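A short write-up of the structure that comes next.
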Amino acid sequence: MQRFEGRTALITGASRGIGLAIARRLVSEGASVVITGRDEDALEAAVADLGKERASGVPGRVDDAEHRTAAIGHAAERFGGLDHLVNNAGINPAWGPLTELDANAARKIFEVNVLAALEWTRASLAIGALRSVVNMSSIAGTAASDNIGFYGVSKAALINLTAQLAEELAPAVRVNALAPAVVKTRFSSALYEGREEGVARAYPLARLGVPDDVAGPAAFLLSDDAAWVTGQTLRIDGGAGIRPVG
Ligand SMILES: NC(=O)c1ccc[n+]([C@@H]2O[C@H](COP(=O)([O-])OP(=O)(O)OC[C@H]3O[C@@H](n4cnc5c(N)ncnc54)[C@H](OP(=O)(O)O)[C@@H]3O)[C@@H](O)[C@H]2O)c1
């Protein structure tokens with residue numbers, strides 16, 4: 001099945017983890033992809049892994065306006081347009097209770113996790129071919145969590161941004177979000193390393209997520225198979241959300 005033949009997708013934060021798995025999946029279904037990330041060497045290695053004919057990397061910070069313009073311009077020049085955007089890059093540099101949160105850390109989290117998603121969407125629209133957007137939220141955006149409170153606040157804002165943009169951009173562009181639980185990547189390693197079996201007990205499907213668990217749903221939401229789906233946030237949580245408390 002080649003749902004993305006002739007299409008171009010830009011995925012932010014895709015040199016490893018969930019973003020790279022999404023890029024791999026889209027390429028395997030016919031897409032050309034532009035991927036971003038801060039570390040140039042890691043990005044180059046990811047492009048080599050995806051295949052240079054249909055993948056290209058543009059290094060930079062997701063909250064840098066010049067980088068955004070360069071990456072989106074590159075997608076148009078190299079692959080002739082931009083059909084799909086995945087706002088995947090996200091950070092969480094703060095740990096501890098909200099009452100002790102450094103305001104500058106909070107600003108940075110909001111700029112990277114929320115404002116950047118809005119800016120990438122706006123800039124991608126200017127190319128004129130955008131069909132769909134997927135924003136990478138988190139189950140942390142749907143309930144309270146210990147120690148990563150402002151990250152959750154930002155991911156909740158991203159869920160509302162998704163609904164808001166879906167309403168404003170319909171019918172031309174669909175905008176949806178994904179809300180994964182713990183997926184095994186460098187980003188989340190502190191949440192499970194050394195105690196994976198115990199953490200996995202919270203999940204009816206009896207294991208933690210892996211990046212490919214998110215790539216399939218991302219491809220679905222971006223594709224025409226989801227042509228009548230917009231403004232939604234899909235939980236990808238191994239069933240954790242349905243387990244009764246106690
Ligand atoms: N893993 C989980 O359990 C989980 C659960 C729910 C949601 N999420 C969300 O999923 C997304 C991806 O996370 P992941 O787990 O795949 O993390 P990861 O494996 O650490 O990968 C993060 C990717 O984003 C890039 N990146 C990080 N900060 C960036 C920035 N400021 N500007 C540009 N690129 C940046 C990284 O490359 P560089 O470091 O070289 O920039 C890397 O390519 C995030 O939005 C995260 O909040 C993850």
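Relative protection proxy for 35-46, 204-215, 147-158, from highest mean packing down: 147-158, 35-46, 204-215 (other beta-carbon atoms within 10 angstrom). For the chain, the share of accessible area belonging to carbon and sulfur comes to 52 percent (1.4 Å probe, ligands and nucleic acids excluded).
The aspartates and glutamates whose alpha-carbon is closer than 14 Å to the alpha-carbon of LYS52, local same-chain residues fewer than 8 away aside, are GLU44. Under 18 Å from the 7 Å Cα→Cβ point of ALA143, by amide nitrogen: which residues of segment 194-223? Output list for this probe position: 198-209. Multiplying the residue separation of ALA42 and GLN164 by 0.36 nm and subtracting their alpha-carbon distance yields 40.5 nm.
Based on Cα contacts under 8 Å between residues 6+ apart, the chain shows a relative contact order of 18 percent. Between segment 75-113 and segment 155-179, the alpha-carbon centres lie 16 Å apart. Expressed in units of 2.2 N^0.38 Å, where N is the residue count, the Cα radius of gyration of segment 8-239 is 0.96.
What is the sum of charges, Lys and Arg at +1 and Asp and Glu at -1, for the other residues whose Cβ falls under 13 Å from the Cβ of TYR192? Net local charge, TYR192 excluded: +2.
Looking at segment 8-239, the accessible area is 46 square angstrom per residue; that uses a 1.4 Å probe and ignores ligands, DNA and RNA. Near LEU82, once Lys and Arg are set to +1 and Asp and Glu to -1 for all other residues with Cβ below 15 Å from its Cβ, the sum equals +4.
Determine the sum of side-chain charges near ASP212: Lys and Arg each +1, Asp and Glu each -1, restricted to other residues whose C-beta is under 12 angstrom from that of ASP212.
That works out to +2.
The values are calculated or read from the model by the stated rules, or taken from the named source; none is laboratory data. This is a predicted model, so every value here is computed, not measured. A quick note on method: Cβ atoms are made from the backbone with ideal geometry, for glycine too, and the neighbour counts reach across all protein chains shown. What goes into the accessible areas is simple: the full protein's heavy atoms, side chains included, and nothing from ligands, DNA or RNA. Shrake-Rupley method; radii C 1.70, N 1.55, O 1.52, S 1.80 Å.
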